[in-house]
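Undergrad: Take this structure first; my questions come after.
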């Protein structure tokens, strides 16, 4: 699974792909060096549009394995692609032990996991309350968390839109940090606060 996923995502990180994104969407990165070049890490970002995972992937040559809600993952036409890139399916309701195990396994192998802690696309660009998954994974794995703030992608391909529009997209990355205690209920809120401050 991870080999084809890595190959597929590295295509998105090629200089040509980044140039195309910069031409059509004015894509700009700030602080992308905060993403570790190797070793386990968790990339957390706000979620404005459907293209956010692709934009984030262009900031690093490392394949990002995303956690994805089941309402997107289970779309029949797209499911084969999501499986190919190694996305981790997360159920909309109930416990997601299998999903957390898969993410922890990726981190244990030194992989890069991507999470949108709000759990859904924003309708107006504002941040929603964070779900606890990112904080739990960070505390359990000991992996550093890299926050990222996406701006502009809600104008490109927001919820309910089929074709993308041309609009400037900017992504700013913050310094990595760690979460010490999985029982810390405020950790999820602090993670999103770090995203919001960028």
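Any read-out appearing in this document is the output of simple, stated calculations on the displayed coordinates, not a laboratory observation. These numbers were taken from a predicted model, which means no experiment stands behind them. Heads up, the Cβs are rebuilt from the backbone with ideal geometry, glycines too, and the neighbour counts pull from every protein chain shown.
Undergrad: What's the exposure ranking of 56, 51, going from fewest to most Cβ atoms within 10 Å?
TA: Exposure proxy ranking, most exposed first: 51, 56.
Undergrad: Please arrange 14, 69, 60 by how many other C-beta atoms lie within 10 Å of their C-beta, fewest to most.
TA: 14, 69, 60
Undergrad: At a Förster radius of 25 Å, what calculated FRET efficiency corresponds to the Cβ-Cβ distance of residue 163 and residue 70, to the nearest 0.05?
TA: 0.50
Undergrad: Oh, and also: Take every DSSP beta bridge with both residues inside the chain and express the antiparallel ones as a percent of the total, to the nearest 5.
TA: Roughly 25 percent of the DSSP beta bridges within the chain come out antiparallel.
Undergrad: Taking region 2-197, how much of its Cα-Cα pair set, in percent, is spaced more than 27 angstrom apart?
TA: Every Cα pair in region 2-197 considered, those over 27 Å come to 21 percent.
Undergrad: What is the extension gain from residue 37 to residue 78, computed as 0.36 nm multiplied by their sequence separation minus the C-alpha to C-alpha distance, in nm to one decimal?
TA: 11.8 nm
Undergrad: What number, rounded to the nearest 500 deg cm²/dmol, is the helix-based mean residue ellipticity at 222 nm of the chain, given -39500 (n - 2.57) per DSSP H run of at least four residues and division by all its residues?
TA: The helix-only estimate for the chain comes to -10000 deg cm²/dmol at 222 nm.
Undergrad: Could you rank the peptides 79-85, 154-160 by their average count of other C-beta atoms within 10 Å per residue, with the highest value first?
TA: Averaged packing, sorted descending, gives the order 154-160, 79-85.
Undergrad: Could I ask something else about it? What are the extents of the Cα atoms of region 68-109 along their three principal axes, in Å, largest first?
TA: Between the extreme Cα coordinates on each principal axis of region 68-109 lie 31, 24, 9 Å.
Undergrad: In Å, what Rg and Dmax follow from the Cα atoms of region 111-198?
TA: 14.1, 43
Undergrad: Moving on. Just to be sure I understand the model, the point goes 7 Å from the Cα along the line to the Cβ. What's the resulting residue 123 to residue 101 distance in nm?
TA: About 3.6 nm, to one decimal.
Undergrad: Quick one: Cα centre-to-centre distance for region 121-153 and region 31-48, in angstrom?
TA: Region 121-153 and region 31-48 have Cα centres separated by 11 Å.
Undergrad: Translational diffusion coefficient, Stokes-Einstein: compute it for region 101-155 using the Kirkwood radius over C-alpha pairs as Rh, at 10 °C and 1.306 mPa s, and state it as an integer in µm² s⁻¹.
TA: It comes out at roughly 126 µm²/s.
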